[in-house]
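Take a look at the structure set out below.
The values are calculated or read from the model by the stated rules, or taken from the named source; none is laboratory data. All values derive from a computational prediction rather than experimental measurement. No Cβ is skipped: glycine too gets one built from the backbone with ideal geometry, and neighbour counts run over all protein chains shown. When the accessible area is computed, the model is the full protein with side chains, heavy atoms only, and any ligands, DNA or RNA have been set aside. Shrake-Rupley method; radii C 1.70, N 1.55, O 1.52, S 1.80 Å.
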Amino acid sequence: MKTIKGLFSSNAARFVLKLGISMALLLAIFNFIGAGKIYDELMNASPYYLVLAAAFVPIQILFKAARWSSIINIFKSKISLKASYAYTLISQSFGIITPGRVGELVKAKFLVDDTGMGYGRSIFTIIIDKAFDVIAGALIALGGLAFIWPKSHAKAFFAAAFIAYLLLMLFSLLFFSKIKKQILRLILKLLPKKYKANFDGLIMPRMLYAKSLAYSMLILIALSVQGFFVSKALYMDISFFVMLTLIPLMALSSSLPISIGGVGIREIVSISFLSSIGIPAEKSAVLSLLYTFITFGIPAIIGAILFFRRKKSTNQQKHRP
């Protein structure tokens, strides 16, 4: 019989726990705001702007696929942009319906099948890919908070943090070669011997680093455009710059491994941030829910269709005489 510790260390148990946290947070939000108010906001949303928001789904996925495709080059391997696009969509589908980070592992498996580069290296490309989300998200979020946060003492703190972070980013670009060697040396020290071979021949040119950062910025801009259109659908009077600050904050909060896909956490961040500039809680909550469905739900649906089509095609090839 499994111990309590063993049970909760399993993927299934973590999934149930995270699902419970997400449901509890959503129920608390609905109870605090009132389900009727949330329902009214949903029913009154403009379909026109929601369609415009959905139209940007292919663009944000394209930027994500292009970034991952370029990161794969650090191991002197390549996959087509088309393949990267399909695997990114499929991974989002698995990321929603499976426990843990299985969605990302599925993407890594496709990469192994296509290139034969090994699971260690494939997973490392995923880790780097996600790291760029955090690096770019923190920069944009701090910059936005430094300009629009209403409280002066906090505003000064965010401004100082933004300047320091920006200088650190510039420093990393100027002295990229030296910093890269130190980071690689640290990784090799921390890794067990059997994994060290995965990093042989690793190359990360300064241009690829800058290119990945640029893609990360474009991803956040595309997501912010989607969020802005959702805000228009809810008749919210906020600027695109406000949305450009909120979206990275929501994205960073979603990376916390305490709920399913950040559901519940993202809504709390949206309500907290937008209430500081006078937006009602019901509009903030519905904004987050619709944004989540459009930016994550729609790609996941498309990814599921692609996966089953791929699976059907594979089965047909196996049964051919």
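Below, the figures for the structure above:
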read-out	value
Solvent-accessible surface ranking, highest first, for LYS130, LYS82, LYS312, LYS64 at 1.4 angstrom	LYS82, LYS312, LYS130, LYS64
List SER152, SER177, ordered by accessible area with a 1.4 Å probe, largest first	SER152, SER177
Pairwise label distance in nanometres, ASP40 with ARG310, each label 7 Å out on the Cα-Cβ vector	4.5
Potential extension, ALA210-LEU256 segment - 0.36 nm per residue separation minus Cα distance	14.0 nm
Nearest-0.05 FRET efficiency for SER272 and PHE157, computed from C-beta distance (R0 22 Å)	0.85
Linear extension gain, ASN73 paired with ALA55, 0.36 nm per residue minus alpha-carbon span	3.5 nm
Ranked packing of 115-122, 141-148, most packed first, by mean Cβ within 10 Å	141-148, 115-122
Solvent accessible area, Å² - GLU282, 1.4 Å probe, full protein context	40
Net charge of neighbours whose Cβ lies under 13 Å from the Cβ of ASN73, counting Lys and Arg as +1 and Asp and Glu as -1	+4
Expected-Rg normalisation [2.2 N^0.38 Å, Cα atoms] applied to segment 228-277	1.16
Pairs from LYS64/LYS109; LYS76/LYS130; LYS232/LYS283; LYS130/LYS151; LYS130/LYS232 whose Cα-Cα separation, in the structure shown, is over 22 Å	LYS130/LYS151; LYS130/LYS232
